Amino acid sequence: MLKIVLWTIGVVGKSAAPAIHCHPGMRLVGCYTMSAEKDGVDVGTLAGVEPFGVKATRNIDALLALKPDCVLYAPQFPDVDHMVRILESGCNIVSTAYFMNGRAFGEANYARIHQAAFKGGSSIYGTGINPGFANVLGLLATSACARVDKISVLESVDCTNYASPGTWEAMGIDRPLNDPDVPAFIKKGTPSFREAVDVMADALNVPLDDVRFDVEFGAATENVDLGYMTIRKGHIAAIRGCWSGWVRGRPFIELKIAWKLGYKLDPDWPMVHGYHIEIEGDPNLRCHFEPVGATMFDPGLVTAMPSVHAIPAVCAAAVGIVTAADLPLIVARDCGPRSALVRD
């Protein structure tokens with residue numbers, strides 16, 4: 001039975017907490033919160049379900065003293081000092097917070113994370129829905145090819161119900177449409193997408209010559225109240241961006257996003273509502289992953305579950321920073337019809 005600590009209980013943590021609590025191979029033993037209001041409150045209550053008998057705390061020493069096998073690290077933004085403390089304690093990390101291989105953290109912080117893992121004999125892995133699952137889905141599709149000339153992964157989703165204003169502010173949402181600083185602002189605020197390009201290239205054993213970022217925006221045509229934030233008329237409400245890894249003068253990997261918030265936009269780009277993979281090679285391939293019977297994913301759930309399912313593999317992985325290429329196939333193990341995770 002793996003002992004798990006959940007590190008913050010926001011949008012992702014609220015979905016991860018019940019999944020860990022009900023998992024037959026895991027036991028939720030603690031939860032870190034930065035909020036005084038959540039300190040001492042039962043994690044189940046914070047997740048909107050029945051109490052678990054485990055309370056959130058701001059006491060990091062107390063959590064690490066529990067000797068957890070893994071921290072599911074899901075804060076809105078990462079804290080390298082916290083990551084280092086966790087890894088040095090001997091606890092593994094599965095992160096949904098801006099981490100794929102740690103290179104975008106800068107050489108100094110990358111070295112700190114790397115050294116902390118080896119000091120503690122622990123592993124750290126980054127995932128989520130995108131970056132994370134979507135990239136693995138694209139890599140898996142290449143196994144049907146004799147040759148890969150180009151691989152594109154598109155996330156095209158209506159993000160209106162993703163109630164995380166801090167995330168959207170970091171993405172430039174509600175900034176003036178013609179603000180010349182926004183492209184660089186978004187590029188800086190999306191380090192894990194840049195890392196995901198490298199992770200995919202490394203998995204395919206293709207050295208990249210360059211990685212580029214391009215972006216365009218759509219504006220709200222009227223003031224939009226989303227409940228958790230307001231987007232003003234004429235300000236950014238939609239983003240189309242692409243991180244591309246180039247080889248010999250042409251893009252080899254393209255990670256694309258098309259996100260919109262609200263329904264009054266100009267331009268109002270069409271959405272494919274999911275994740276769309278296209279491979280140019282021998283043969284050319286296309287695959288699509290989307291919700292059925294709903295217009296939108298539950299964003300917290302689809303971000304949380306790839307991380308929850310990765311926990312056993314990361315706990316068994318080699319010491320250090322690991323990526324999808326270092327792990328076995330991650331599936332919804334123990335979540336079948338006889339599992340405690342499946343409820344009537």
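Numbers at a glance
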quantity	calculated
Semi-axis lengths, Å, region 133-291, gyration tensor of Cα atoms, sqrt of 5 times eigenvalues	31, 17, 12
Helix-only CD estimate at 222 nm, as mean residue ellipticity for the chain, using -39500 (n - 2.57) per DSSP H run (n ≥ 4)	-8000 deg cm²/dmol
For peptides 103-110, 123-130, sequence by mean Cβ density within 10 Å, most packed first	123-130, 103-110
Packing-based ranking, highest mean first, of 329-335, 69-75, 189-195 given that Cβ atoms within 10 Å are counted	69-75, 189-195, 329-335
Relative packing of 258-267, 51-60, which averages over residues the other C-beta atoms within 10 Å, highest first	258-267, 51-60
Among the listed pairs Lys14/Lys119; Lys188/Lys233; Lys14/Lys233; Lys14/Lys260; Lys3/Lys260, those beyond 27 Å (Cα-Cα)	Lys14/Lys119; Lys14/Lys233; Lys3/Lys260
Mean projection area, nm², convex hull over Cα of the chain	18.0
Dipole of the chain [Lys/Arg +1, Asp/Glu -1 at C-beta], most positive-end residue of Gly234, Ile186, Leu46	Leu46
Sequence of Val29, Val302 once ranked by neighbouring C-beta atoms within 10 Å, starting from the fewest	Val29, Val302
Considering only the chain, percent of DSSP beta bridges that pair antiparallel, nearest 5	60
Ascending count of other beta-carbon atoms within 10 Å, so fewest first, for Trp269, Trp243	Trp269, Trp243
Cα gyration tensor shape for region 1-139, rounded if a/c is under 1.5, else prolate or oblate	prolate
Fewest-first ranking of Cys287, Cys315, using other Cβ atoms within 10 Å as the exposure measure	Cys287, Cys315
Residues in region 257-294 reached by a label modelled at Arg147 [backbone nitrogen below 18 Å; 7 Å Cα→Cβ]	279-286
Taking the chain and dividing mean pair separation by its residue count, relative contact order in percent (alpha carbons under 8 Å, at least six apart)	21
Net charge dipole size for region 133-291 [Lys, Arg +1 and Asp, Glu -1 on Cβ; Debye, nearest 20]	80
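Read the figures in this text as sums done on the coordinates, not as results from a lab. On a predicted model such as this, the values are computed, not experimentally measured, just so you know. Ideal geometry is used to build each Cβ from the backbone, glycine not excepted, and the neighbour counts take in all protein chains shown.
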